[in-house]
Amino acid sequence: MPPQRVFALPRQQSLFLPAVVNPFVYEKKLTKADKIKCALFGLVLVPLRSLFLIVVVLLTWPLATLVTFKRPLKGAVEPMTGWRRLICRTVIAALGRMYFFGLGFRVVLRGRQVSSAEAPILVVAPHSSFFDAIVCIIAGLPSTVSRSETLSTPIFGRFLRCLQPVLVSRKDPDSRRNTIKEIESRSTSGGVWPQVLIFPEGTCTNRSCLITFKQGAFIPGVPVQPVVLRYPNKLDNVTWTWQGPNSGSLLLLTLCQPYTTVEIEFLPPQVPTEAEKKSPILFAQKVRAVMAEALAIPITDHTFEDCRLMISAGELTLPMEAGLVEFTKISKKLGLKWENIQKELKSFAAIANSCKGGRIKIEQFADYLRLPVTPALQELFALFDRDGDGTIDFREYVIGVTVLCQPANSEEVIQMAFELFDTDNDQTISREEFASLLRSTLGVCDLNVTKLFKDIDADGSGRITYLEFRSFALKHPQYAKLFTTYLELQRYQALQTEDPDFLSSFACAPSDDSQEESTSDKKED
C-alpha cells in the first residue's frame with residue numbers, strides 16, 4: 001500500500017456538487033390505470049375542449065389585432081391608454097381566462113396582488129411549464145420579458161403584443177443592456193406603465209428546487225412582489241423541462257384530465273435595503289429565499305447555462321447530467337468563461353466516452369495519459385476525485401484542471417521538467433532520455449512511452465525540442481501536475497525513509513504540496 005500524504009487544509013465545501021435532484025429533467029411514467037382514464041376522458045373532453053378553444057381564439061385574435069394595430073414594438077414605445085388599454089384589461093383578459101378554463105384549469109388564488117405603485121415588478125417562480133402563462137392573465141395582463149422571435153408566432157404572437165413585452169433579441173449584442181434599461185424605465189414610471197412580470201429563473205425546471213435568479217428584475221432597486229406557483233395534482237401533466245415530455249404530449253394529456261389545479265400565491269412585497277439596491281445579487285438571493293421558504297423547497301446555484309452544457313454533453317454522447325456543474329457559481333469562483341468550460345467538456349468527453357455513465361475511472365485516466373497506474377498517478381487521480389467515490393465527473397475534472405493543473409503548468413515548472421529529461425544538456429530530449437526518466441520515476445522497468453513520445457515530437461524528428469515540449473505541456477496541463485506530483489511523492493517517501501542522500505537529490509525541487517488546497521480554499525464563497 002503506497003504511503004498517502006495528508007493535506008494541510010480540508011477541501012472547500014462550496015465547490016462540492018449539492019445533493020439536489022437534477023432540476024432540468026422530468027421523466028413522466030403513466031401507469032396502466034392512468035392510460036385507461038386518459039383514454040376514456042379524452043374521447044369526450046378532447047373534441048369538446050378543442051372546439052371551445054378554437055372559438056375563444058377566433059374571438060380573441062381580431063380584438064388583439066385591433067388593439068395592436070399600428071402600435072410600434074421598438075423605439076419610442078408608449079404604454080397603451082384609453083380604449084386600447086380598456087379592451088386589454090377587460091375583454092382580452094376575460095377571454096384569456098376562458099381559454100385556460102377551456103384547457104381545464106381550476107385556479108386557486110392566495111394572497112393579494114398589490115398595485116404597480118407598491119411593487120412595479122412581479123417575480124414568478126418556479127417556472128416549470130408553458131402553462132405558467134396563466135399568471136399573466138390572473139395578474140391583469142402585465143408587461144412581460146419575451147424573446148423577439150416569439151412575436152412572429154402565428155396568432156399567439158399577436159396576443160403577446162397586447163402585453164407590450166420587453167423584447168430580448170439573441171442577435172443583438174446590446175440586447176441585454178437595452179432590456180435592463182427598459183425594465184428600469186417601466187418600473188420607475190410611477191404607475192404610467194403596468195407592472196412588469198418576470199420569471200427570474202430564465203428557464204423551465206421540474207419544481208424540485210429554485211435555481212439561481214437572474215438579476216434583471218432586481219437591478220432597478222424597486223420593490224418586487226414574489227408570486228409562487230404550485231400544481232398540486234396527482235398526475236403531473238404540466239412539467240415541461242429540457243429532458244422530458246414535449247409540449248404536444250403535455251397539451252394532449254392536459255386536455256384529457258377532468259381538471260388541472262394551479263395555485264397562484266401573491267406573497268408580501270419585498271422592499272430592497274440600501275445594500276440590496278447597490279447589489280442586485282443580494283436582493284435576488286433574499287427574494288429567492290423567501291419564495292423557497294413559502295414553497296418548502298431547497299435552492300441551488302444551477303442556471304440556464306447548465307442547460308446549455310447539458311445539451312453540449314448530449315451532443316458529445318455523454319449523459320446530459322454530465323453538464324450539470326452549477327455553471328455560474330463555478331465560473332465565478334474559478335474565473336472561467338463559457339468557451340473554456342465547453343473546451344474542457346470536449347476534453348472530458350475524449351476520456352469518459354469509453355466509460356459507462358460518463359464518469360472517469362483511474363484506468364481510463366491512465367489510458368488517456370498513456371501511463372500505467374502507479375502511486376503517483378493514484379495520488380493525482382485522488383486530487384481530481386473530490387468526493388472520493390473512485391470516479392471523476394465533469395465538475396471535478398473542470399475544478400482539477402483549473403485549480404490543480406493550470407497553476408502547476410508554469411513556465412518555471414515546464415523549464416525544470418525539460419532540463420531533467422535532457423540529461424546530456426544538448427537542448428533536445430531523445431527517446432532514450434524520455435523513457436529513462438519516466439521509468440525511473442514511475443518505477444516501471446518495461447514502460448512503453450512510444451505513443452506519448454510521438455505525440456510530443458510534433459515534427460517526427462525523433463528528438464523533442466523545448467518548443468515542442470512546452471507546446472504539449474500547455475495543451476495538456478495534467479502532465480505538469482503529474483510531474484510535480486511525482487516529485488512530491490518521492491520527497492514524501494524520502495522523508496519517511498529519512499535518507500539524507502535521497503533527500504538532497506530533491507532539495508531544489510519546487511514544492512506543490514498544497515497548491516490545490518491553497519488555491520481553492522482561499523477563494524471566498
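The criterion of at least 3 residues that are at pLDDT 85 or above, of a type in the set (V, I, T) and more than 14 Å from A93 (Cα to Cα) is met by the following helices (runs of 4 or more DSSP H) wholly inside the stretch 134-198: 175-187.
Got a sec? Which of F101, F156, F105 is under 37 Å from the mean Cα position of the chain (by Cα), within 30 Å of E27 (Cα to Cα), aromatic (F, W, Y) and open to solvent by less than 70 Å² (accessible area, probe 1.4 Å)?
F105
All of K346, K278, K329, K337 fail the test of being among the basic types (K, R), open to solvent by less than 60 Å² (accessible area, probe 1.4 Å) and modelled with pLDDT of 75 or more, apart from K329. Looking across the stretch 218-238, just one residue is over 30 Å from E274 (Cα atoms), buried (at least 20 other Cβ atoms within 10 Å of the Cβ) and under 24 Å from the mean Cα position of the chain (by Cα), and that is V238.
Please work out which residue is modelled with the lowest pLDDT, limiting yourself to the stretch 112-130 and to residues that are under 23 Å from the mean Cα position of the chain (by Cα) and either more than 24 Å from L251 (Cβ to Cβ) or not in a loop (DSSP other than H, G, I, E, B) (or both). Before you say what the answer is, go through the steps one by one.
Within the stretch 112-130, the subset under 23 Å from the mean Cα position of the chain (by Cα) is 123-130.
Retained after the next criterion (residues that are either more than 24 Å from L251 (Cβ to Cβ) or not in a loop (DSSP other than H, G, I, E, B) (or both)): 123-125, 130.
Details: V123: 97, V124: 97, A125: 95, F130: 92.
Ranking the candidates gives F130 first.
Pairs meeting the criteria (first residue in the stretch 261-272 and under 20 Å from V108 (Cα atoms) and in contact (Cβ under 8 Å) with a residue 12 or more places away in the chain, second residue among the charged types (D, E, K, R) and crowded, with 19+ Cβ neighbours inside 10 Å, beta carbons under 9 Å, at least 6 apart or on different chains) are V262/D132.
In this structure, is P126 out of contact with any helix residue (DSSP H, G or I) (no Cβ under 6 Å at 6 or more places or on another chain), touching a residue at least 12 places away in the same chain (Cβ under 8 Å), closer than 25 Å to A289 by Cβ and buried (at least 21 other Cβ atoms within 10 Å of the Cβ)?
Details: out of contact with any helix residue (DSSP H, G or I) (no Cβ under 6 Å at 6 or more places or on another chain): yes; touching a residue at least 12 places away in the same chain (Cβ under 8 Å): yes; closer than 25 Å to A289 by Cβ: yes; buried (at least 21 other Cβ atoms within 10 Å of the Cβ): yes.
Spelling it out, P126 is indeed out of contact with any helix residue (DSSP H, G or I) (no Cβ under 6 Å at 6 or more places or on another chain), touching a residue at least 12 places away in the same chain (Cβ under 8 Å), closer than 25 Å to A289 by Cβ and buried (at least 21 other Cβ atoms within 10 Å of the Cβ).
In the stretch 74-81, the count of residues that are open to solvent by 20 Å² or more (accessible area, probe 1.4 Å), of a type in the set (S, T, N, Q) and closer than 24 Å to T261 by Cβ is zero. Of all residues in the stretch 407-425, those satisfying the criterion of being out of contact with any Pro (no Cβ under 8 Å at 6 or more places or on another chain) and assigned to a loop (DSSP other than H, G, I, E, B) are S410, D422, T423, D424, N425.
Residue by residue, here is whether (1) touching a Lys or Arg at 6+ places or on another chain (Cβ under 9 Å); (2) at pLDDT below 80 holds:
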| residue | (1), (2) |
| --- | --- |
| P2 | no, yes |
| Q13 | no, yes |
| L17 | yes, yes |
| E27 | no, no |
| T31 | no, no |
| W61 | yes, no |
| T68 | yes, no |
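Among the residues of the stretch 185-192, is there at least one that is on the phi < 0 side of the Ramachandran plot and in contact with a strand residue (DSSP E or B) (Cβ under 8 Å, 6 or more places away or on another chain)? Scanning the stretch 185-192, I find at least one residue that is on the phi < 0 side of the Ramachandran plot and in contact with a strand residue (DSSP E or B) (Cβ under 8 Å, 6 or more places away or on another chain), so the answer is yes.
May I ask you to verify whether F199 is under 19 Å from the mean Cα position of the chain (by Cα) and under 27 Å from L63 (Cβ atoms)?
Numbers: under 19 Å from the mean Cα position of the chain (by Cα): yes; under 27 Å from L63 (Cβ atoms): yes.
Yes.
Looking for something at pLDDT 95 or above, under 27 Å from the mean Cα position of the chain (by Cα) and not β-branched (V, I, T) - is there at least one such residue anywhere in the stretch 256-266? No, the stretch 256-266 contains no residue that is at pLDDT 95 or above, under 27 Å from the mean Cα position of the chain (by Cα) and not β-branched (V, I, T). As a summary of the residue check, K214 satisfies the conditions (1) open to solvent by less than 40 Å² (accessible area, probe 1.4 Å); (2) in contact with a Gly (Cβ under 8 Å, 6 or more places away or on another chain); (3) not hydrophobic (A, V, I, L, M, F, W, C) except for the one numbered (1).
Being closer than 22 Å to W193 by Cβ, more than 37 Å from the chain's Cα centre (by Cα) and part of a helix (DSSP H, G or I) narrows it down to one residue among L58, L51, L86; which is it? Before the answer, list the steps.
Numbers: L58 fails: closer than 22 Å to W193 by Cβ; L51 fails: closer than 22 Å to W193 by Cβ.
The unique qualifying residue is L86.
Please tell me if F502 is in a helix (DSSP H, G or I), closer than 24 Å to Q378 by Cβ and at pLDDT below 60. The answer is yes for F502. Scanning the stretch 358-393 for residues that are hydroxyl-bearing (S, T, Y) and either buried (at least 21 other Cβ atoms within 10 Å of the Cβ) or within 22 Å of K346 (Cα to Cα) (or both) yields Y368, T391. So for the stretch 65-78 (the condition being in contact with a Leu (Cβ under 8 Å, 6 or more places away or on another chain) and part of a helix (DSSP H, G or I)), does at least one residue qualify? Checked the stretch 65-78: no residue is in contact with a Leu (Cβ under 8 Å, 6 or more places away or on another chain) and part of a helix (DSSP H, G or I). Looking across the stretch 214-224, the residues that are in contact with a strand residue (DSSP E or B) (Cβ under 9 Å, 6 or more places away or on another chain) and not in a strand (DSSP E or B) come down to K214, G216, A217, F218, P220, V222, P223. Looking only at residues in the stretch 165-192 that are open to solvent by less than 20 Å² (accessible area, probe 1.4 Å) and of a type outside the set (G, A, S), the one that is nearest to the chain's Cα centre (by Cα) is T179. Scanning the stretch 225-254 for residues that are in a strand (DSSP E or B), of a type outside the set (K, R) and in contact with a Ser or Thr (Cβ under 9 Å, 6 or more places away or on another chain) yields one hit, L229.
Residues of the stretch 246-275 that are open to solvent by 30 Å² or more (accessible area, probe 1.4 Å) and either farther than 30 Å from V114 by Cα or small (G, A, S) (or both): N246, S247, G248, S249, L251, L252, P258, A275. Residues that are under 30 Å from M310 (Cα atoms), under 34 Å from the mean Cα position of the chain (by Cα) and part of a helix (DSSP H, G or I) do occur in the stretch 369-376, at least one of them.
The values are calculated or read from the model by the stated rules, or taken from the named source; none is laboratory data. Since we're looking at a predicted model, the values are computed, not measured. Neighbour counts run over all protein chains shown; Cβ positions are idealised from the backbone, glycine included. Only protein heavy atoms, including side chains, enter the accessible area calculation; ligands, DNA and RNA are left aside. Shrake-Rupley method; radii C 1.70, N 1.55, O 1.52, S 1.80 Å.
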